[in-house]
Amino acid sequence: MALSFEVLLLPLFVFHQLSSSDGLSWRNCRGGEEPVTLKNMTVQPDPIKIPGQILLEGTAYVAESLTLLKAEVTIHKKLLFWWKLPCGDSECTFDLCKPLHLGPSCAVSSGFLYFPPTKFNIPKQLISTYWASGQYKATIDLKSPKANVGCIELYFSIEQDEQ
């Protein structure tokens, strides 16, 4: 009788969990030399719980006025090495005008941009704890119509609650 794919991957998953550290970290991708750089960020709880709520807060510096900001997001899950996850039913590019309350002009002035503490609900996923829990990396490329204007890499852990 052949072993299932999940059973074969279990020892690799356990090894990965034992050799990894948890916790949120972030960095500006290209040395922070682009017009938008993240200065600080807080995400609570750490690790992120699914289902649950997260509280996000941060500050970025905008070196020049920008318009029509979009974020292109790529997410990877670590299982010995980083595996790129598909976007699913949605696009991987998100309009930032509405979430940042930028109004119809979608303009961001130069200077410090503060993101006040904002709560987001994370619904229960329809995947097993084995696949949801673990370490993740998200790369967020910030774009304006003319060019890439910033890039942030986030490293975070997710735990799925057994409910």
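The values are calculated or read from the model by the stated rules, or taken from the named source; none is laboratory data. Not measured: the values here are computed from a predicted model. We place every Cβ from the backbone using ideal geometry, glycine too, and count neighbours over all the protein chains shown. Keep in mind that these areas ignore ligands, DNA and RNA; they rest on the heavy atoms of the full protein, side chains included. Shrake-Rupley method; radii C 1.70, N 1.55, O 1.52, S 1.80 Å.
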**Q.** Extreme residue, modelled with the highest pLDDT, among residues of the stretch 94-127 that are in contact with a strand residue (DSSP E or B) (Cβ under 8 Å, 6 or more places away or on another chain) and farther than 24 Å from Glu57 by Cβ
**A.** Ser105
Q) When you scan the stretch 44-75, how many residues do you find that are in a strand (DSSP E or B) and closer than 17 Å to Leu113 by Cα? A) 11
Q.
I'd like the residue in the stretch 133-150 that is surrounded by fewer than 18 Cβ atoms within 10 Å (Cβ to Cβ) and farther than 30 Å from Ile50 by Cβ and, out of all such residues, is modelled with the highest pLDDT.
A. Asn148
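Results for (1) open to solvent by less than 70 Å² (accessible area, probe 1.4 Å); (2) free of Cβ contacts under 8 Å to residues at least 12 places away in the same chain; (3) of a type in the set (Asp, Glu), shown as yes or no for each residue.
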site: Gly31; (1), (2), (3): yes, yes, no
site: Val36; (1), (2), (3): yes, no, no
site: Ile50; (1), (2), (3): yes, no, no
site: Leu68; (1), (2), (3): no, no, no
site: Leu80; (1), (2), (3): no, no, no
site: His101; (1), (2), (3): no, yes, no
site: Ile122; (1), (2), (3): yes, no, no
